[in-house]
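Here is the structure we will look at, set down as structure tokens.
Only the coordinates and a few stated rules stand behind these numbers; no lab work does. A quick note: this is a predicted structure, and the numbers were derived from the prediction, not measured. A quick note on method: Cβ atoms are made from the backbone with ideal geometry, for glycine too, and the neighbour counts reach across all protein chains shown.
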Amino acid sequence: MKIASKIVKLILLLIIILVVIVGAGFYFFGEHFLKIGVETAATKALGVGVEIKDVDLSVLKGGVEIEGLKVKNPAGYTYNTPRKSDQHIRCKLCYNFVGNVV
């Protein structure tokens with residue numbers, strides 16, 4: 001019985017350590033991975049290059065802020081300056097009780 005109790009305590013300790021490591025990784029690297037993901041998805045969706053200066057992820061407030069969005073011109077477009085935005089783009093995510101984004 002004592003061995004089972006020690007095993008359960010060890011498993012709980014390992015789970016807590018894993019949660020702390022994942023949380024710290026998300027805290028320090030989450031915005032970087034989000035920026036790369038948004039740039040990659042937007043580039044594939046639009047078919048032209050997309051660059052983002054900075055992304056601010058606020059988990060507790062449920063929002064994302066994108067700064068310095070730059071969309072490059074499509075091939076064959078004669079206007080030299082790509083479309084860019086120096087404004088902040090804010091998106092607040094709200095969930096209903098079913099878990100769907102509203």
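Below is a table of values for the structure above.
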item	result
Per-residue Cβ neighbour rank within 10 angstrom, fewest leading, Ser5, Ser58	Ser5, Ser58
Cα-centred dipole magnitude for the range 2-92, charges only on beta-carbon of K, R (+1) and D, E (-1), debye, nearest 20	400 debye
